[in-house]
Amino acid sequence: MTQQEVLERRIALEDVDPLALFGANDCHLRLIEQRLGGTVIVRGNTLILRGDPGEVRALETLFQELLYLLKRNERLLPEDVAMVLDLVALENTPVREEAAEEDLIFVGRQGPIRARTPHQLEYWRKVQAHDVVFAIGPAGTGKTYLAVAMALAALRRNEVSRLILSRPAVEAGESLGFLPGDLQEKVDPYLRPLTDALLEMLGAEKLRGLMERRIIEVIPLAYMRGRTLNNAFLILDEAQNATIGQMKMFLTRLGRNTKAVITGDVTQIDLSNPSESGLVDVQGVLQGIPGIAFVYFDRTDVLRHRLVADIIAAYERGQRRRGTAPGASASTEEGW
């Protein structure tokens, strides 16, 4: 590396405990330099970052996040450092030219939609290769958004003739008749996340036309009973709130030339009896069946506000301290 390629940034450390930031015997610091490269120097209350532009940019982002966590929590755990390192390393990984087309899922109204993490790319590949794919993981990992993009891509390529997007309306106990308004007004609050994704990718006018022609349907899970769906792409969102019976009902709707993507988060079960979750049950029942695949996301895939990954990590630590597993009964742990 020539002298001209070396960049330097300085970060003032105000009211920061160096031991908390760098770890005992600088263990955090050694891990950071090993993972991200560059050089980190501490002089008094100033942090000096040196390296090529990419290394310095990554180090600067990393320490901003670590300082934020340290001030917020008054300490840094090894898993906090590892989580931020994973996120920063992923964000600064250059896109390989040969993967530029491989990770392209759909070009929507606002531009291309791509797989941005290794698990998202695995998700995309498995949906291409399997008829039924379960995507399980925390909020903000792109499970639903990418499922909608993949469904629209299949429709655009004429691989299917219609899309069916569904969610269990668990807050209404799937009994929507007592609610005011017509069917659309009844179910809108429960299906809004799905229609929001469609609106963003298609625009209001195009989406309205496709729904009027019933090429796209967005319906509560209860309204799928008794149907056989051929030549379709099915999405079941928030599947952790489908009961075992409802999950079986949904999966047996598959007809000829039909794909299904089922998304959910087993730590956010809203059923009165979490052990009845079809998404929990199905992981034991359907593992190993040809044509069915599972993809598991974690907090390193979170692409929302930076606090989402922080919140997920905090809840995971709380669960470990209490000795409860994700998706535990509401009687022993308040779900989220």
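Bear in mind these aren't lab numbers, they're just calculated from the coordinates by the rules spelled out. Owing to the predicted nature of the structure, the values given are computational and were not obtained by experimental measurement. Counting neighbours? That spans all protein chains shown, and the Cβs are built from the backbone with ideal geometry, glycine included.
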**Study point:** Spread of Cα-to-Cα distances over 5 Å intervals beginning at zero, given as percent, for segment 1-91
**Key:** 3, 14, 27, 27, 18, 7, 2, 1, 0
Exercise for review: Could you run the Karplus curve 6.51 cos²θ - 1.76 cosθ + 1.60 with θ = phi - 60° over segment 245-258 and give me ³J(HN,Hα) per residue in whole Hz, x for Gly and Pro?
Suggested key: x, 5, 4, 4, 4, 4, 5, 8, 7, 4, x, 5, 6, 10
Revision key, fill the gap. Two pseudo-spin positions, 7 Å from Cα along C-beta at residue 244 and at residue 52, lie apart in nanometres by 5.6
Review point. If segment 196-299 were replaced by its equivalent ellipsoid, with semi-axes equal to the square roots of 5 times the Cα gyration tensor eigenvalues, what would those be, largest first, whole Å?
Key: 25, 17, 14
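With a 10 Å radius around each residue's Cβ, average the other Cβ atoms per peptide and rank 75-82, 150-157, highest first. Intermediate values should be presented prior to the final figure.
Details: 75-82: 15.6, 150-157: 19.0.
Result, highest mean Cβ count within 10 Å first: 150-157, 75-82.
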Review point. When the label point is put 7 Å from the Cα of residue 270 along its Cα-to-beta-carbon vector, which residues of segment 138-153 have a backbone N closer than 18 Å?
Key: 138-141, 143-145
Revision key, fill the gap. Ordering 31-39, 113-121 by per-residue average of other C-beta atoms within 10 angstrom, highest first, gives 113-121, 31-39
**Study point:** Within segment 51-73: backbone nitrogen closer than 19 Å to the residue 7 label point (7 Å, Cα to C-beta)
**Key:** 51-66
Point to revise | Relative counts (whole %) of C-alpha pair distances in segment 23-71, using bins that are 10 Å wide | key: 25, 62, 13
Revision key, fill the gap. Under the 7 Å Cα-to-Cβ spin-label approximation, residue 225 and residue 322 lie apart by a distance in nanometres of 3.3
